[in-house]
Amino acid sequence: MANEINLDQVLQTFIVEARELLEDMEAALLRVADEADPRESINAIFRAAHTIKGSSGLFGLDAIVAFTHVAESVLDRVRDGAVTLDESLVALMLASGDYIGRMVDTVERAQVQGDPHADPEGVALLARLQAYLGARDPFAADAPASPVQAPGGPARWHLSLRFGPDVLRNGMDPLSFIRYLATLGEIEHVVTLPDAVPALEALDPEGCCLGFEIAFVTAVDKATIENVFEFVIDDCSLRIVPPGSQVARYIDLIQSLPEGPSRLGEILVRCGSVTEHELEAALRLQAESAPERRIGAILAEQGTVAPQVVEAALVRQRQPKEARGTESQSVRVDADKLDRLINLVGELIIATAGAGLVAKRTRNLELMERNSTLADLVEQVRDSALQLRMVKIGATFNRFKRVVHDVARELGKDIELAVSGEDTELDKTVVEKIGDPLMHLVRNAIDHGIDSPERRAARGKPATGTVSLNAFHDSGSIVIQVGDDGGGLDRDRILAKGLERGLVEPGRAMSDAEVYALIFEPGFSTAEQITNLSGRGVGMDVVRRNIEALRGNVAIASEPGRGTTVTVRLPLTLAIINGFQVGVGKSVFVVPMDMVDECIEFSGETRQDYTDLRGQVLPFIRLRDLFDVPGRPAARQNIVVVKHAGQKFGLVVDALMGEAQTVIKPLSRMFAQVRGISGSSILGSGDVALILDVPLLLQGAQEARGSAVLEAGAVPAAQ
Amino acid sequence: MTSSTFRIDGELTIYRAAELAAALKAALAAVADGGALQVDLSEVTEVDCAGVQLLLAARRSAVESGRSLCLASRSAAVDEVFSLLQLSGHFGDAVAAAH
């Protein structure tokens, strides 16, 4: 074979595509209920199922074809308006989609395909799908007044097929379509037409010139028959004469085909589609009638049948092309390759910093200039490399639509998911790791946050609860909020539970935020009932741990009776940051640049842990004291004002060393217990700098602030 | 009247259509006028439409040149396709037409 292809690779593409299609199908299924005009979504669902079936067929994945075919038939009924896509059908379709997904997984693991008819789950789904197909009259659309067949029973169709010359070259074998057709009913008669096949001398052995006349007995509808040939529809002419048609339809058919009328008439008789007598009578009648009327009849035939076929073919052609058009704008890259690139960029940054340092030492102006140009470029390379890993969070959010749909149904609550900020981008590695914690938060919001419909009604809220997902960028972090409009957290009960568990000292005054934060403590759950979703007391502490492992943090805000919002704050990337280097004694620390607000001079005289920043109280931390750096403070110290989560505090340092790109190296496990440090970095000089964990320091500063506010509160009173 | 046999082994599909067409042409040319070519399909493992078409074309060539072509024996794979497409008549006719 001249054009041998790597089947594994193609199969891989099939798997990736099938998953994407299933995702599309799921998204469309979830939005269809909310749409005023759901036709577009229904078409999208149908197309997805159809394409999966088609491409599975190309790979001989018969189990997937068999199952998807049934689902597709149901969807086709939906498209025709014969079946309404109600809530239970949406749920069934979602389950079917999952099942197809699992079959695709099996293909990926290169396991033997299970027959859905042999698998209990497949059987159950098929039975439920069949229920939608059973209760119908399959010929309602085509031959409503047909006297020939019993409604709903199998009936006799006549198919006229002429394949185009390129069918074989395009890798299609008309035989396989006929074989497939045979699975939908009984092929009563096939007449293979050799008329167009020339003698060997004139034959193009790879071109197709065969035609078939088929008498087909089936219970499926016309669209299903047409769909059998969908993959060759551009390359073949297909004429379908529905059951019970008048002989005139056959006459029209005869006229529209290239073979002579007598030859075709004979074929039709051989197929048993018309009797010889009927044909004779009809042909005679036509010959007698005026020629204009015959032309009129042909035109009518062309005017009614042809445009539909042409349009259908065009629409089918257009859709995949449009989809491909947008697809080709992106390139799939192995994540490993990208990680390697980013590691190299990291090394490049360190190397550039080293070179820059040497250049400075040599005091060679030209070298320094060249070096600074180089550093600029490296910075741009870094940004673009990191940008490659940035993905929109929308895809992650959309996955939760399904979760909300399923869980709400399970709990008998009516809940919709409001998503905003889907275009917010963040590092792919962060996206991958944030899925599970977010899932937990969403489930928690559904389960504990939103009350039962009765309770909501009693509180005068709309019956439909809302869970919201929101994302936005804020000073170098991405903020993801999971909110609900439920009953809010019960402060007293949490506090009581905290006391009971010994998490809170009795009699201690706590802010709301502190109380709410208790739910992130291990083994804390206030749910009265334990559901199978959440409430077992595991989870929220795991959520917090997972988020903190990503150098993020989580906060919770709640308003009794109005709802709860959990705010997750994560760094945009885990690899490289713009850092601000500060010196304390001989040590160098790095503050993430995005968090640095400003730098001010510090007199160093005061012993208090706060200062006055343009009339505002600014609590600060002396890094020298915090990390026990030896040596005396410099005569002129500085305060770096950092901002995080809307709050400001200061860091007292000896020297400001300026901005530098910082490649984050994780701390070894030995230092995991060190508080206030989130990582390390190698400086151009080869020294190690520690990266400050600003959110954690903020917590310390807030405690200082508490006392600062008390003292500062007295100041205006004294004025 | 002479008769010779042409045997096709393996695939009778699009992949070998061009090669087999040339071979069949040569085999037919070697048959004397009024002679018959027996095509032995007992060793055919796979047939597709290109294969079917090739046989139909060969039959037409034979008939047009006053020779005949018949299928000597058929493998299971050929039988399956012939019964699906209800082709048996074509080649039976061919024998009849030639005589």
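Observations
- None of A:L656, A:L651 is within 27 Å of A:V554 (Cβ to Cβ) and at pLDDT 85 or above except A:L651.
- For first residues located in segment B:76-89 and within 10 Å of chain A (Cβ to nearest Cβ), partners that are at pLDDT below 85 and surrounded by fewer than 14 Cβ atoms within 10 Å (Cβ to Cβ) and lie 6+ apart or on another chain with Cβ distances below 6 Å form the pairs B:F82/B:S88.
- One residue stands out among those in segment A:150-207 that are part of a loop (DSSP other than H, G, I, E, B) and farther than 19 Å from B:L54 by Cβ: the one that is nearest to the other protein chains (Cβ to nearest Cβ), which is A:T183.
- Within segment A:328-346, tally of residues that are more than 18 Å from the chain's Cα centre (by Cα), in contact (Cβ under 8 Å) with a residue 12 or more places away in the chain and loosely packed, with under 12 Cβ neighbours inside 10 Å: 0
- When residues of segment B:51-68 are limited to those that are within 7 Å of chain A (Cβ to nearest Cβ) and of a type in the set (S, T, N, Q), the one nearest to B:L85 (Cα to Cα): B:Q53
- For segment A:665-672, the criterion of being crowded, with 21+ Cβ neighbours inside 10 Å and in a strand (DSSP E or B) is met by no residue.
- A:V241 being outside the structural domain of A:V65 (by TED's automatic domain parsing), of a type in the set (V, I, T) and touching a residue at least 40 places away in the same chain (Cβ under 8 Å): yes
- Scanning segment B:7-48 for residues being in contact (Cβ under 8 Å) with a residue 12 or more places away in the chain, part of a helix (DSSP H, G or I) and either within 25 Å of A:P174 (Cα to Cα) or more than 8 Å from every other protein chain (Cβ to nearest Cβ) (or both) gives a total of 9.
- When A:L518 is tested against the conditions (1) outside any helix (DSSP H, G or I); (2) of a type outside the set (S, T, Y); (3) in contact with a helix residue (DSSP H, G or I) (Cβ under 8 Å, 6 or more places away or on another chain); (4) farther than 30 Å from A:K428 by Cα, the lone failure is (1).
- Residue in segment A:34-51 that is surrounded by the fewest Cβ atoms within 10 Å (Cβ to Cβ), counting only those that are part of a helix (DSSP H, G or I) and not hydrophobic (A, V, I, L, M, F, W, C): A:D34
- Flag if A:F216 is within 38 Å of the chain's Cα centre (by Cα), buried (at least 20 other Cβ atoms within 10 Å of the Cβ) and more than 9 Å from every other protein chain (Cβ to nearest Cβ): no
- Check on A:V78, more than 20 Å from A:L133 (Cβ to Cβ) and hydrophobic (A, V, I, L, M, F, W, C): no
- Matching residues, segment A:470-515, being exposed (fewer than 13 other Cβ atoms within 10 Å of the Cβ) and in a helix (DSSP H, G or I): A:D492, A:R493, A:E500, A:A513
The values are calculated or read from the model by the stated rules, or taken from the named source; none is laboratory data. This is a predicted model, so every value here is computed, not measured. Quick reminder, even Gly has a Cβ in these numbers, built from the backbone with ideal geometry, and neighbours come from all protein chains shown.
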